[in-house]
Structures are given as C-alpha cells and as structure tokens.
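J.: The structure's right below; bear with me while I get my questions together.
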Amino acid sequence: MTILTLTGNYAVAYAVKLARVKVVSAYPITPQTTIVEKLAEMIERGEMDAKMIRVESEHSALATVYGAASAGARAFTATASHGLLYMHEMVWWVAGARMPLVMAVVSRAIGPPWNIHVDHQDIFDQRDSGWIISMAQENQEAFDLTLQAFRISEDPRVYLPMMVGLEAFILSHTVAPVDVPDQKEVDEWLPPRRQPYVISPETNFVMGNIVPDEDYMMMRLSIQKAMEAAKEVIKEVDRSYGKKFGREYGGLVECKKCEDADYIIIIAGSWSGEAKMAIEDLREEGYRVGVARIRFIRPWPEEEISELASKVKGIIVFDRAVSFGSKGPLFLDVATTVNGRTSLRGVIAGLGGTEVRKEHIIEVTKEFINKVEEEGRVFEPEYWLLPDPYRGKPLEEVAPRWW
Amino acid sequence: MLVELRFHGRGGQGAVTAANILARAAVIEGKYAQAFPYFGAERRGAPVMAFARISDRPLEVHSQVRNPDIVVVLDPAIPQLVDVTQGIKPGGLIVLNSPGKSNIKYERVYCVNATKIAKDLGLVIGGWPVVNTAILGALIKVSTLVKVESLEKAIEEQLGEALAKTNIEAMRRAYNEVKPCER
C-alpha cells in the first residue's frame, strides 16, 4: 500500500485501473472530465491494458460500455449533471438488462440557471432506475467504493449496475491522502468478472426484446429482489474489504455516536464531515446527537433507519436536492421508514454549491431539538436553509425578488 | 493542530499547484492535508485563489477556508486588487512575492523576490515567471510547516525529475532569501 495525495477524481481513476477495467468510454463534462483524462493517460502510457472508446455524447458513452459489458468486458464510464441526464435512457436500459458495470457520478447541479457546483439533484434523478447508488464522504471512500462497486455489481445475487457518487469540486478537485493498495492485493480480493449472460457473434441471443406484459412485470420484481439481496452483499463486501485493506464503513449506513443518541442527523455525501464535527460541539452543550450517514441511497437502508427511528426522539434529514412539488428525496425515504414513530425535520440546503458549514448544521439541529423538547412531536417536512444574504429572513421578505 | 492557508495568484501562475505540493509534503511527513482551488471559473491572468489545510488529525471539514492562519501571495500586484488580509487570524503571517517592500496592513509580512529567482533560473513559461516553488521555499522557512526535504520530495513527485531540479533550486534560494518586508 502507498499513501498518495489525489483528487477525488484521480482516486476513482486509480481504482478503475486496479480493477483491471478493459473498456472505458465517456464524454467530457465538468467536473467529471479529469477522471477519464487520467484513465486516457494511463492507457496511453501503457500502465493500463484497456481500450478507450471516444464517443460523441453521454448517451453513446453508456451505450458503448453497455455493449462492452454485455460482451464480457469489465467496463466503466463517468459523468455528471447534464451528461447524466443525457444518458438517462441508457441508465434504465443497463439496469433492465441486469448488466453489471460501474459508473462514477460527480454530482453537480442541473441548469438552467447554469451551475457547475455540487448538489445531489443529478443522482436523485436516477433514483428509481434500478442502479445501486452510493455516495462517498471522502476521496479515500470514493476510491474504496469504486473498487467495491465491481464486486457488488458482479455478484450473482445482484447483477445490477452501480453508481459511485462523489461531489463536484469538494471531492473531485480537492487533493487529500488516499491509501492505494498494490495490484497484487487488489487481484487477491477482486474476483474475475461474472455476469448473467455474454453475447458473442457465435451464439444466437436476443437482448432487450419485447416480452409478454406478465413477464415484464416479473422482471421488474426480479430487480426489486436483487436490490433486497444487494443489502447483504454490500455489507459482506464492506466487511471483506475491511479485512483485506483495513477500512470498513458499516455497510449501507455509517453511524457515528448513534448508540446513546436522543436525536439523529441523516445526511449523505461530503458535508457529512461537517455534520460529524457539529455533533461534537452539540454534545459539549448537552445535546446527545448522532450522525447516520447514508452511504447507499439504493438499496435504501430501511432496516438501519427503522431501528434508529424506534429509539430516538427525533430525526433531522439534510437533503441537497428537492423533488419539486414534494419534499427532499432523502426525507421522503426517511419519512416512509419512520412511519410516524418519531419527530422529523427535513432540511433542504446547499443547492447549487451554496456552502453549508458546521455552524449552520448546529443551528438548525439545535432549533429542531429545542422545539421537540418544548412541543413534543414535531413534523416539519420542508425547512429551507437559505444561503446568505437570504438566510434568517422571512420568505415573504425575500420572495418578491424570486417569484 | 490545524493550519489553514490561502494562496492568492493569477490564473496560470501555479497557485493551485503550490497548494497541492504543500499538501503532498505534509502527507509525506505523515500528516493529514487537503488542497483545493476556489470553486469557481478561473481564467488565465485573472486573480485566483487556492487553499490548503494541514492537520495532525484526519480532516472532516469540507467548507472553504474563511479564516486562514497563513496567506501566500504569488503576484506582487495582487494586494492592490484584492484585500489579501481578509479573514486572516490575528498572529498569523503573510508571505509575499515582492522585491522587499509591502504596504499590507498586517503585523507579520515576509517578502521574497520570487519573480527574480524564477527569471534567474529560467523558470519562465510562455513569458510568465513560474514562482510557485520559490514562494513555497519562503513559506516553509517562516512557518516551519514542513521540512525542506519533504518539500523537495513533493516537488519531485509532482513535477517529475526533469523539472524538479531547477524548481528545488528556486525553492532553496527563496528559503535562504526570505525576510520581513520593509514598510
């Protein structure tokens, strides 16, 4: 093992190389571009034995790796924001075909208005597509998840594609220490590729054809069952990775100080770091708060969140996306799982890269806790944490400027 | 202990690379570090910023650096355009690329003529003196953030063997030449 100093994007590229990926295809988009740039460089230098297929769009990029994967190659692509939306049809195609492959998504806001900074809207746009969807907190975890993604996706109990989410700039363009194992160690841990079927010119094989409606519905159920099975596979892979490489994250959810907590912060992505710092300060003030960091948006960690819901006085959820006309998408999943068992607040914050600092998390969490302690059961599904200079003002006051 | 730094430069001058090299040197010493650019569009020649954090504990923070302990200024003209002291903590320090004078209103400001060092050593790309490795030499002298050997190793890794030799020379010269600015 070697400690390198890598951006989140380079960390992903190193993991892809160590996974011995054979086909890469992608179309450049900020802030993803440096992942495939690095891979192109590795291939060009002869450090990586793979084919880089250049295409004219993200739709074609995913179609290309889908083709390569169907033919038996370990394949990878990466994208972000508008690129991800542009490939959305293929996103469903790959999952419906139960084709294992891995894609990194450097989560970024969607325009218009144009914005290249972080939020989770692009990832949540893929939520229902049948992909396993993970979110990293640090560059190291982006590396670890990428390596793990191949093993999870290619497990016969799963056979679903997997997205590795890492955040625009905050991870993608920030250098940090990353522990990179050597090729031998990775080869010992990551088995050769497995997949449900392989297409070849020698055999007759029909893919993606029309089926009876009844079979269609059974195939949808099979994806749901595979998602359920993936929960155990994710935990197994996390444990075995921890045993081999020394880092275990806790499966679908990483819990910090949940054991004795009266209140829980639910959050996903790099700002979980700020949440973990916030609870240290909150605990010094006597607020017993824990952080449950969602590592996997799909499959949804139903059991873990349910267990927390039955033992705490309240849960505050931080969403970096919004389902327009409803609530934050993470909140919706939490509320369904909680089913009225505890107090809830759904905070929508940090859209378009607006900065959410430790102090902000402390402020809204404390306010929520005080309210629950005074009023008993609280249900606040939608609480917008606005950025400066709008924060702290009544909406009526800032509203005329925007709608 | 956590030290936060802000680098001011112009697009193309190597502020981001300087922050990256410094972070690498800290990691070589077994510390934890981060380095990142200002999260905005950057243009060659326009004022830009980069940031770094060095800590003896794993870093969980991901927000921008607002109150740096140290400010590094790669371009002598930047202080006329930008308030480089913004948010700096009391008791910190500023390292400035300048022949020796500064009118920055802050207690500890150190000057090094990084432009001259770069030009003397032929570190010029497209007519631009590349001052980032020189300024790092001055920085580690006055801040003792990392050892010279660690910075040398980081420069070698980051820039490759061919470029490293002259850049290390620039770094060492700045290390020896840096002194408090005259007012």
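J.: Criterion first (within 14 Å of chain B (Cβ to nearest Cβ) and free of Cβ contacts under 8 Å to residues at least 24 places away in the same chain) does A:Lys235 satisfy it?
T.: Numbers: within 14 Å of chain B (Cβ to nearest Cβ): no; free of Cβ contacts under 8 Å to residues at least 24 places away in the same chain: yes.
Answer is no for this residue.
J.: A further question follows. Does the range A:159-202 hold any residues that are within 14 Å of another protein chain (Cβ to nearest Cβ), in a loop (DSSP other than H, G, I, E, B) and surrounded by fewer than 24 Cβ atoms within 10 Å (Cβ to Cβ), and which are they?
T.: A:His173
J.: Being more than 14 Å from every other protein chain (Cβ to nearest Cβ), outside any loop (DSSP other than H, G, I, E, B) and modelled with pLDDT of 95 or more: is that true of A:Glu307 here? Break it down stepwise before answering.
T.: On the way: more than 14 Å from every other protein chain (Cβ to nearest Cβ): yes; outside any loop (DSSP other than H, G, I, E, B): yes; modelled with pLDDT of 95 or more: yes.
Yes: the conditions hold for A:Glu307.
J.: Separate question: What are the pairs with Cβ atoms under 9 angstrom where one residue, in the range A:353-382, is within 14 Å of chain B (Cβ to nearest Cβ) and the other, located anywhere, is among the basic types (Lys, Arg) and surrounded by 17 or more Cβ atoms within 10 Å (Cβ to Cβ)? Sequence gap at least six, or different chains.
T.: A:Gly353/A:Arg108; A:Val356/A:Arg320
J.: Do we find that A:Pro156 is assigned by TED's automatic domain parsing to the domain that holds A:Val21, closer than 21 Å to A:Pro192 by Cα, out of contact with any Phe, Trp or Tyr (no Cβ under 7 Å at 6 or more places or on another chain) and surrounded by fewer than 22 Cβ atoms within 10 Å (Cβ to Cβ) in this structure? Show your work before the answer.
T.: Working: assigned by TED's automatic domain parsing to the domain that holds A:Val21: yes; closer than 21 Å to A:Pro192 by Cα: yes; out of contact with any Phe, Trp or Tyr (no Cβ under 7 Å at 6 or more places or on another chain): yes; surrounded by fewer than 22 Cβ atoms within 10 Å (Cβ to Cβ): yes.
Taking the combined requirement at face value, the residue satisfies it.
J.: Of A:Leu344, A:Leu385, which residue is without any contact (Cβ under 8 Å) to a residue 40 or more places away in the chain and under 22 Å from A:Phe296 (Cα atoms)?
T.: Details: A:Leu385 fails: under 22 Å from A:Phe296 (Cα atoms).
Among A:Leu344, A:Leu385, only A:Leu344 is without any contact (Cβ under 8 Å) to a residue 40 or more places away in the chain and under 22 Å from A:Phe296 (Cα atoms).
J.: Still on this structure: Would you be able to tell me the number of residues in the range B:108-123 that are touching a Pro at 6+ places or on another chain (Cβ under 8 Å) and not in a helix (DSSP H, G or I)?
T.: In the first step, residues of the range B:108-123 are kept if they are touching a Pro at 6+ places or on another chain (Cβ under 8 Å); the result is B:108-111, B:113-116, B:118-119, B:123.
Imposing the further condition that a residue be not in a helix (DSSP H, G or I) reduces the set to B:108-111, B:113, B:123.
Result for the range B:108-123: 6.
J.: Same structure, new question: Just a yes or no: is a residue in the range A:278-285 within 14 Å of another protein chain (Cβ to nearest Cβ) and either of a type in the set (Ser, Thr, Tyr) or not in a helix (DSSP H, G or I) (or both)? Write out each step before concluding.
T.: At the first step, the residues of the range A:278-285 found to be within 14 Å of another protein chain (Cβ to nearest Cβ) are A:278-281.
From what is left, the residues that are either of a type in the set (Ser, Thr, Tyr) or not in a helix (DSSP H, G or I) (or both) are none.
Within the range A:278-285, not a single residue is within 14 Å of another protein chain (Cβ to nearest Cβ) and either of a type in the set (Ser, Thr, Tyr) or not in a helix (DSSP H, G or I) (or both).
J.: Follow-up question, since we're still on this one. With the structure loaded, tell me whether A:Ala268 is of a type outside the set (Ser, Thr, Tyr), touching a residue at least 40 places away in the same chain (Cβ under 8 Å), over 18 Å from A:Thr337 (Cα atoms) and buried (at least 20 other Cβ atoms within 10 Å of the Cβ) or whether it fails that test. Walk me through how you get there before you give the answer.
T.: Values: of a type outside the set (Ser, Thr, Tyr): yes; touching a residue at least 40 places away in the same chain (Cβ under 8 Å): yes; over 18 Å from A:Thr337 (Cα atoms): no; buried (at least 20 other Cβ atoms within 10 Å of the Cβ): yes.
No, not satisfied.
J.: Any idea which of A:Glu307, A:Glu285, A:Glu259 is in the same structural domain as A:Thr342 (by TED's automatic domain parsing) and closer than 19 Å to A:Val372 by Cβ? Talk me through it step by step, then tell me what you get.
T.: Working: A:Glu307 fails: closer than 19 Å to A:Val372 by Cβ; A:Glu259 fails: closer than 19 Å to A:Val372 by Cβ.
None of the other options fit; the residue is A:Glu285.
Condition check ((1) surrounded by fewer than 19 Cβ atoms within 10 Å (Cβ to Cβ); (2) away from every other protein chain (no Cβ under 14 Å); (3) hydrophobic (A, V, I, L, M, F, W, C)) across all residues:
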| site | (1), (2), (3) |
| --- | --- |
| B:Gln13 | no, yes, no |
| B:Ala18 | no, no, yes |
| B:Ala23 | no, no, yes |
| B:Ala26 | no, no, yes |
| B:Ala46 | yes, yes, yes |
| B:Arg57 | yes, no, no |
| B:Ser63 | yes, no, no |
| B:Ile94 | no, yes, yes |
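J.: Which condition from (1) surrounded by fewer than 20 Cβ atoms within 10 Å (Cβ to Cβ); (2) under 18 Å from the mean Cα position of the chain (by Cα) is the one that A:Asn115 breaks?
T.: Exception for A:Asn115: condition (2).
J.: Taking only the range A:101-154 into account, find how many residues are within 14 Å of another protein chain (Cβ to nearest Cβ) and in a helix (DSSP H, G or I).
T.: Qualifying residue count for the region: 4.
J.: Another question, then. Given the criteria outside any loop (DSSP other than H, G, I, E, B), among the hydroxyl-bearing types (Ser, Thr, Tyr) and away from every other protein chain (no Cβ under 14 Å), does A:Tyr216 qualify? Even if it seems obvious, please write down each step before you answer.
T.: Values: outside any loop (DSSP other than H, G, I, E, B): yes; among the hydroxyl-bearing types (Ser, Thr, Tyr): yes; away from every other protein chain (no Cβ under 14 Å): yes.
In short, yes.
J.: Inside the range A:312-403, counting only helices (runs of 4 or more DSSP H) that do not spill past its ends, which hold 1 or more residues that are of a type in the set (A, V, I, L, M) and loosely packed, with under 13 Cβ neighbours inside 10 Å?
T.: Working: elements: A:329-338, A:358-375, A:395-398.
Passing ranges, in order: A:395-398.
J.: Going by the structure shown, is A:Ser60 assigned to a strand (DSSP E or B), over 20 Å from the mean Cα position of the chain (by Cα), more than 14 Å from chain B (Cβ to nearest Cβ) and within 27 Å of A:Ser200 (Cβ to Cβ)? Please lay out each step first, then the result.
T.: Details: assigned to a strand (DSSP E or B): no; over 20 Å from the mean Cα position of the chain (by Cα): yes; more than 14 Å from chain B (Cβ to nearest Cβ): yes; within 27 Å of A:Ser200 (Cβ to Cβ): yes.
For A:Ser60, the condition - assigned to a strand (DSSP E or B), over 20 Å from the mean Cα position of the chain (by Cα), more than 14 Å from chain B (Cβ to nearest Cβ) and within 27 Å of A:Ser200 (Cβ to Cβ) - is not met.
J.: Turning to a different aspect of this structure: Might you check whether a residue that is modelled with pLDDT of 95 or more and more than 16 Å from B:Ile140 (Cβ to Cβ) occurs anywhere in the range B:36-45?
T.: Keep residues of the range B:36-45 that are modelled with pLDDT of 95 or more, which gives B:36.
Now restrict to residues that are more than 16 Å from B:Ile140 (Cβ to Cβ): B:36.
Within the range B:36-45, one or more residues are modelled with pLDDT of 95 or more and more than 16 Å from B:Ile140 (Cβ to Cβ).
The values are calculated or read from the model by the stated rules, or taken from the named source; none is laboratory data. Remember, predicted model here, so these are calculated numbers, not experimental data. Note: ideal-geometry Cβ built from the backbone for every residue, glycine included; neighbour counts use all protein chains shown.
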